[in-house]
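Report on one structure; see the data block that follows.
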Amino acid sequence: MTGQQLIISGVGGQGILFLTRILAETAIGQGMPVMTSETHGMAQRGGVVISHLKAGEFSSPLVRPGRADGLIAMKEENVAIHRHFLRPGGWIVVNAKAAPADLDGHPVHAIDADLLALELGNPQSLNLILLGFSLARLAASGNLFCTADQVIGTIERRLAEKGKLRDASLAALRLGMENAAG
Amino acid sequence: MSERMLLLGNEAMAHGLVEAGCNVVASYPGTPASEILSGVAQWQARYRLPMHVEWAVNEKVALEIAYAASQAGLRAATAMKQVGLNVASDPFMSAAYLGVKGGFLVISADDPGPHSSQTEQDSRLMALSAKVPVLDPDSPEQARELVKIGFELSEAFEIPVMLRPTTRVCHANQDILPGPVTPSDRTAVFEKNPSRWAATPKFRHRLHLELEEKLAKIAAWEPTAPRLLNPAAPARRAIVASGVAAAHARDVLHDLGLWETLPLWQVVQPYPLHSSFVATILEQYDEILVLEETTGVMELQFADRYRVKGKRSGFVPEVGELSPELIEGLIASFAGIDAPETPAPSAEGGRRPTLCPGCPHRASFYAIKRAAPKGIFPSDIGCYTLGINLGGVDTVLCMGAAVSQAAGFYHAHKLGGVVPDIVATIGDSTFFHAGIPPLIDAVVQDARFVLVILDNATTAMTGNQPTPALGWGAGGVPTATVDMEGLVKACGVKFCKVGRPGNLSAFTDLMKEAVAFARTEGLAVVIARQPCVVDRTFKGDRPPRRKAAISDACNGCRYCTTQFECPALVYDEEEKRVVIDTLICTDCGVCIDVCPRLAIEEVGQ
Ligand code: SF4
Ligand code: SF4
């Protein structure tokens, strides 16, 4: 894969910046140029937030509507708000109890990450549960520019000095991966 | 550092500052500029650099502190958001005339959109009006590079230089190979020269002439000259772009198959536009498309505009961000080809922002509304602007205006003989920034209202920077403190009491007392003191937890979700009652005192 454009969307407070950063650092680890664009300010207080991620040869930090290869939605309602960024056939990963219907043929992968985060007793782990799930569902088929192992490597490097946080992050990522079967 | 690393635009500029041996940096937080100074503090610590790095009380003070360092021969910078530059415009305009010694960089971050600002104003227009050269980066990497070029420019012509990134540069991340950091070996030497540094109007005239001479030379300075980005095929038309619009245009030209045929000129110094460029570009091409944010600053400088397509001609929108999809449409139409269709969102909007679950401001606004149900509620800039969702915010103008507007409402209504209750809200950081002069004015003019200082021990909206009351500064270094109550009393306020809003019934009583005082005696100040729930820098004790649960007594009246609006209180459409979202509830327990049916119960700590 030469380049990939992703949209990561949710509401303020769900840890979108961290998820985006982990993916972007993984891209750097693979020698890919990378650009992301983040939402800061007022919207971070529970409003709609969006990150754009472009790995490969790009100049602009923003994904144009109709160009994204994938959408990771941390809230079900965000699928409707940001789905127009997807190219035809672009995939959707969504945190929802059941996969939403009528998605114009976009392949969709749903996981109830809220429930898993509660079970884990760590509300902050939502983002990494969703990331683990995305990797397990999409990386093997070449639909994501990086693999789970590469992301694990990034987390280990990034949180090397924060043992507890690293372990919790990896546990969340693995929980998401384990729930990707079927 | 020799590895590519992911840097936020603001961190990249911060690295540029330490690479350039900058000695003094001062800033006041404001989206999208806030991480510049925290970035500098981070690099300063990492490389152990002898620098003065500070969160100043406001942008004017920040600019003046950095400017004085420059007058003493050091390299200095100040960083702020565009509306912060309004606050700092007085010294900014004057410094242009006086010039500088050490390199002096004013970073003013614009927010086309706007995403998190009161206006879409273009700082480049402020630079033009101050007669200060301005650089306009297209990416984090270019922003880092232009910091260094900016210092060279500043020192070559003894002039302040503005660097104007936008949100899409400040809050983009990019893989960057940072350059080497060599600690500065400069020491401050202030050379007295009163006829320059304290110039009287007579001398200012001469300084103005000198400034014009400098600008003419800067308009021919090679390192910042416009750059042709693509192969120079002979063409009838060309694009002239600056800032992130140039980055969008680059990708769009590739995607539309126009890279080889439609020349793209990138302007990194939109003011003063290089004079030879202005002269030749219109000879070279029949037509040019000018892409820039937000105002047509480059466009203004083309003497002969009839072959220019831009904002003045109505071809490019004057309002809003130039998104890449918009630029795609503009370029396609300029080139006379069809633009690919842009899919539209299938749903608009989504959740509106709201105060965090457990935010003390929510309790404050709830109490204010109970104490003065028919009041006028001037407010200010910060998270608490979101008190608008609770009906506790009627006006938001600019930093500090809550206090002066409350006074203005009082004087205006007093003329008619009937004065309503007026309860103004202002954050702690905003109070220090711009709330003190209007408080003095209100006391002197006997304006009667209640001012609630929402003291959550941080500058929350912009990412929890310190305030002057906390005793620590940029990078966590210890500082002296200022006592808020003492300050309020010293302004002549007779009623100044502190309460904890999370203690809802006692706080509501305090608010009622203050409202009664304002009706009969004079100005009352209530300090609503309770820490921000997301502030990881907070060092004191947090209020006790009170775990809430909703009993079967809930009849689904939705009073709590509409009047108190905690996002953790969710109306369940199927059950026809309210439930608590335990994933985000902070166990603040305030809702227990809100439910009129007492259906929200305390179930432990
Ligand atoms: S960040 Fe702090 S001040 Fe801002 S809404 Fe959340 S709790 Fe309130
Ligand atoms: S205790 Fe009540 S008010 Fe506090 S966060 Fe939870 S639901 Fe919201």
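Counting the residues of segment B:505-526 that are within 16 Å of ligand 1 (Cβ to nearest atom) and surrounded by fewer than 20 Cβ atoms within 10 Å (Cβ to Cβ) gives 0. Residues that are more than 7 Å from chain A (Cβ to nearest Cβ) and more than 8 Å from ligand 1 (Cβ to nearest atom) within segment B:345-364 comprise B:Glu348, B:Gly349, B:Pro357, B:Ala363, B:Ser364, listed in sequence order.
Among the residues of segment B:305-314, some residue qualifies, meaning at least one is hydrophobic (A, V, I, L, M, F, W, C), away from ligand 1 (no atom under 16 Å from the Cβ) and more than 11 Å from every other protein chain (Cβ to nearest Cβ). Residues of segment A:25-79 that are within 30 Å of B:Gly382 (Cβ to Cβ), assigned to a loop (DSSP other than H, G, I, E, B), modelled with pLDDT of 95 or more and at the interface with chain B (Cβ under 7 Å from one of its Cβ atoms): A:Pro61, A:Leu62.
The single condition among (1) away from ligand 2 (no atom under 16 Å from the Cβ); (2) in a loop (DSSP other than H, G, I, E, B); (3) surrounded by fewer than 24 Cβ atoms within 10 Å (Cβ to Cβ) that B:Ile381 does not meet is (3).
Against the conditions (1) more than 16 Å from ligand 1 (Cβ to nearest atom); (2) outside any loop (DSSP other than H, G, I, E, B); (3) not assigned by TED's automatic domain parsing to the domain that holds B:Ala402, B:Ala553 satisfies every one except (2). If I filter segment B:516-537 for residues that are within 14 Å of another protein chain (Cβ to nearest Cβ), among the basic types (Lys, Arg), assigned to a loop (DSSP other than H, G, I, E, B) and more than 15 Å from ligand 2 (Cβ to nearest atom), do I get at least one hit? Scanning segment B:516-537 turns up at least one residue that is within 14 Å of another protein chain (Cβ to nearest Cβ), among the basic types (Lys, Arg), assigned to a loop (DSSP other than H, G, I, E, B) and more than 15 Å from ligand 2 (Cβ to nearest atom). Of all residues in segment B:434-457, those that are out of contact with any strand residue (DSSP E or B) (no Cβ under 6 Å at 6 or more places or on another chain), away from ligand 1 (no atom under 16 Å from the Cβ) and of a type outside the set (Lys, Arg) total 13.
Restricting attention to segment B:458-478, the residues that are within 13 Å of ligand 1 (Cβ to nearest atom) and more than 17 Å from B:Ile527 (Cα to Cα) total 5. Give me the residue from segment B:321-369 that is of a type in the set (Gly, Ala, Ser) and within 16 Å of ligand 2 (Cβ to nearest atom) and, out of that set, surrounded by the most Cβ atoms within 10 Å (Cβ to Cβ). Among residues in segment B:321-369 that are of a type in the set (Gly, Ala, Ser) and within 16 Å of ligand 2 (Cβ to nearest atom), the one surrounded by the most Cβ atoms within 10 Å (Cβ to Cβ) is B:Ser364. Yes or no: segment A:90-100 includes at least one residue that is in a loop (DSSP other than H, G, I, E, B), within 12 Å of chain B (Cβ to nearest Cβ) and more than 27 Å from A:Gly153 (Cα to Cα). Yes, segment A:90-100 contains at least one residue that is in a loop (DSSP other than H, G, I, E, B), within 12 Å of chain B (Cβ to nearest Cβ) and more than 27 Å from A:Gly153 (Cα to Cα).
For segment B:459-473, filtering for residues that are away from chain A (no Cβ under 14 Å) and either in contact (Cβ under 8 Å) with a residue 60 or more places away in the chain or touching a strand residue (DSSP E or B) at 6+ places or on another chain (Cβ under 8 Å) (or both) leaves 7. Here the condition is being touching a strand residue (DSSP E or B) at 6+ places or on another chain (Cβ under 7 Å) and assigned to a loop (DSSP other than H, G, I, E, B); of B:Val488, B:Val493, B:Val578, it holds for B:Val493 alone. Pairs meeting the criteria (first residue in segment B:413-424 and closer than 16 Å to B:Glu521 by Cα, second residue loosely packed, with under 14 Cβ neighbours inside 10 Å, beta carbons under 7 Å, at least 6 apart or on different chains) are B:Pro420/B:Lys374; B:Asp421/B:Lys374.
Among the residues of segment B:269-302 satisfying the criterion of being closer than 26 Å to B:Gln82 by Cα, of a type in the set (A, V, I, L, M, F, W, C) and touching a Pro at 6+ places or on another chain (Cβ under 7 Å), which is farthest from the other protein chains (Cβ to nearest Cβ)? If we take residues in segment B:269-302 being closer than 26 Å to B:Gln82 by Cα, of a type in the set (A, V, I, L, M, F, W, C) and touching a Pro at 6+ places or on another chain (Cβ under 7 Å), then B:Val297 is farthest from the other protein chains (Cβ to nearest Cβ). Residues being assigned to a loop (DSSP other than H, G, I, E, B), free of Cβ contacts under 8 Å to residues at least 60 places away in the same chain and surrounded by fewer than 18 Cβ atoms within 10 Å (Cβ to Cβ) are entirely absent from segment A:165-178.
Could you tell me which of the residues B:Ala524, B:Ala518, B:Ala506, B:Ala553 is within 30 Å of B:Ala599 (Cβ to Cβ) and touching an Asp or Glu at 6+ places or on another chain (Cβ under 9 Å)? Among B:Ala524, B:Ala518, B:Ala506, B:Ala553, only B:Ala553 is within 30 Å of B:Ala599 (Cβ to Cβ) and touching an Asp or Glu at 6+ places or on another chain (Cβ under 9 Å).
Being over 16 Å from the mean Cα position of the chain (by Cα), within 16 Å of ligand 1 (Cβ to nearest atom) and of a type in the set (A, V, I, L, M) is a property that B:Leu386 has. For segment B:567-580, a residue qualifies if it is more than 16 Å from ligand 1 (Cβ to nearest atom) and either among the aliphatic types (A, V, I, L, M) or without any contact (Cβ under 8 Å) to a residue 24 or more places away in the chain (or both), and the qualifying residues are B:Val570, B:Tyr571, B:Asp572, B:Glu573, B:Glu574, B:Glu575, B:Lys576, B:Val578, B:Val579, B:Ile580.
Restricted to helices (runs of 4 or more DSSP H) entirely inside segment B:59-116, those with at least 3 residues that are more than 13 Å from the chain's Cα centre (by Cα) and surrounded by fewer than 22 Cβ atoms within 10 Å (Cβ to Cβ) are B:59-71, B:89-98. Of the residues examined, B:Trp43 is not one that is away from every other protein chain (no Cβ under 14 Å), closer than 26 Å to B:Met93 by Cβ and in contact (Cβ under 8 Å) with a residue 60 or more places away in the chain. For beta carbons closer than 9 Å, sequence separation of 6+ or different chains, a first residue in segment B:532-561 that is of a type in the set (Val, Ile, Thr) and a second that is part of a helix (DSSP H, G or I) and at pLDDT below 95, the qualifying pairs are B:Thr537/B:Gly476.
For A:Asp112, the test of being more than 11 Å from chain B (Cβ to nearest Cβ), among the charged types (D, E, K, R) and within 18 Å of A:Asn179 (Cβ to Cβ) is passed. Can you find even one residue in segment B:434-457 that is within 16 Å of ligand 2 (Cβ to nearest atom) and closer than 29 Å to B:Val40 by Cα? Yes; the residues of segment B:434-457 include at least one that is within 16 Å of ligand 2 (Cβ to nearest atom) and closer than 29 Å to B:Val40 by Cα.
Is it true that some residue in segment B:558-566 is more than 15 Å from ligand 1 (Cβ to nearest atom) and not in a helix (DSSP H, G or I)? Taking every residue of segment B:558-566 in turn, at least one turns out to be more than 15 Å from ligand 1 (Cβ to nearest atom) and not in a helix (DSSP H, G or I). Answer yes or no as to whether B:Gly486 is among the small types (Gly, Ala, Ser), farther than 23 Å from B:Gly391 by Cβ and within 16 Å of ligand 1 (Cβ to nearest atom). So B:Gly486 does not fit the description; no. Taking segment A:45-79 as the range and being of a type outside the set (A, V, I, L, M), over 11 Å from the mean Cα position of the chain (by Cα) and within 21 Å of A:Met35 (Cα to Cα) as the test, the residues that pass are A:Lys54, A:Gly56, A:Glu57, A:Phe58, A:Ser59, A:Ser60, A:Pro61, A:Arg64, A:Pro65, A:Gly66, A:Arg67, A:Asp69.
The values are calculated or read from the model by the stated rules, or taken from the named source; none is laboratory data. For clarity, every value in this text was computed on a predicted model and none was experimentally measured. Positions of Cβ are backbone-derived with ideal geometry, glycine not excepted, and every protein chain shown enters the neighbour counts.
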